[in-house]
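**Q** One structure, pasted below without further comment.
The values are calculated or read from the model by the stated rules, or taken from the named source; none is laboratory data. Just so we're clear, the structure is a prediction, and the values are computed from it rather than from any experiment. Using ideal geometry, Cβ is built from the backbone for each residue, glycine included, and neighbour counts are taken over all protein chains shown.
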Amino acid sequence: MKIYVDFDDCLCETAFNFSKIAEEMFGKKVPYEKIGYFDLKKSFSLTDEQYDRMMTEGHRPEVLLAYKETPGASETLNSWVDKGYDVSVITGRPYSAYEPSRQWLDEHGLERVKMFCFNKYGRDSFLKNSGFSLELEDYYKMKFDYAVEDSPSAFRFFDHMPELKVMVFDRPWNRNVKLPGENYMRCTGWKMIKQMVV
């Protein structure tokens, strides 16, 4: 069994932090439940320059390491690894965030889980042949049985795997999105996700 798991807002509560950062830096008061778009620039009504500054702040190592775990995440992933499942964290974080992201996983008991920085949105210059950095051509060679993802923008990366079962982690920015097919299932938390992976 091969399982794809997104990092932000699946394993940890990233959007809560960006909501605080946007208010502290720019006075943009958008509560977590009102984050209507995965595109945080749009959700917080930021300029390009403000968005870049916010993303830089949100990806500082000490900030990344402080993100709170989504309840049940590490326990579920470890239960899969214990069963012999191949679990990979596939994140759209820039490769410059790899070390603190890897450290976060290790500190949360996920040392046995692989992690890759995948250039999902074409916003980063990635390290070639790094062992942890995926370009599109590398990713499309990978196959998974299950995926855990919150971002509607990432759903297109599953088109080449018609049998893939996608567990959509319920978040405010994906609640009004029509799911692409019957193999997409909305899940309200890790307890539900764990029950669906058999």
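**Q** Name the residue that is farthest from PHE7 (Cα to Cα), counting only residues in segment 144-160 that are touching an Asp or Glu at 6+ places or on another chain (Cβ under 9 Å) and surrounded by fewer than 19 Cβ atoms within 10 Å (Cβ to Cβ).
**A** Per the criteria, the residue is ASP145.
**Q** Does at least one position in segment 74-86 carry a residue that is within 23 Å of GLY58 (Cβ to Cβ) and either in contact with a helix residue (DSSP H, G or I) (Cβ under 7 Å, 6 or more places away or on another chain) or among the acidic types (Asp, Glu) (or both)?
**A** no
**Q** Is it the case that segment 41-51 has a residue that's closer than 24 Å to VAL198 by Cα and not in a helix (DSSP H, G or I)?
**A** Scanning segment 41-51 turns up no residue that is closer than 24 Å to VAL198 by Cα and not in a helix (DSSP H, G or I).
**Q** Inside segment 20-40, can you point out the residues that are assigned to a loop (DSSP other than H, G, I, E, B) and without any contact (Cβ under 8 Å) to a residue 60 or more places away in the chain?
**A** Scanning segment 20-40 gives GLY27, LYS28, LYS29, VAL30, PRO31.
**Q** Kindly provide the set of residues from segment 45-83 that are of a type in the set (Gly, Ala, Ser) and either in contact (Cβ under 8 Å) with a residue 60 or more places away in the chain or buried (at least 17 other Cβ atoms within 10 Å of the Cβ) (or both), ordered by number.
**A** Passing the criteria: GLY58, GLY72, ALA73, SER74, SER79.
Residue-by-condition table, conditions (1) surrounded by 17 or more Cβ atoms within 10 Å (Cβ to Cβ); (2) at pLDDT 95 or above; (3) in contact with a strand residue (DSSP E or B) (Cβ under 8 Å, 6 or more places away or on another chain):
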| residue | (1), (2), (3) |
| --- | --- |
| VAL87 | yes, yes, yes |
| GLN103 | no, yes, no |
| GLU107 | no, yes, no |
| VAL113 | yes, yes, yes |
| ARG123 | no, no, no |
| LEU164 | yes, yes, yes |
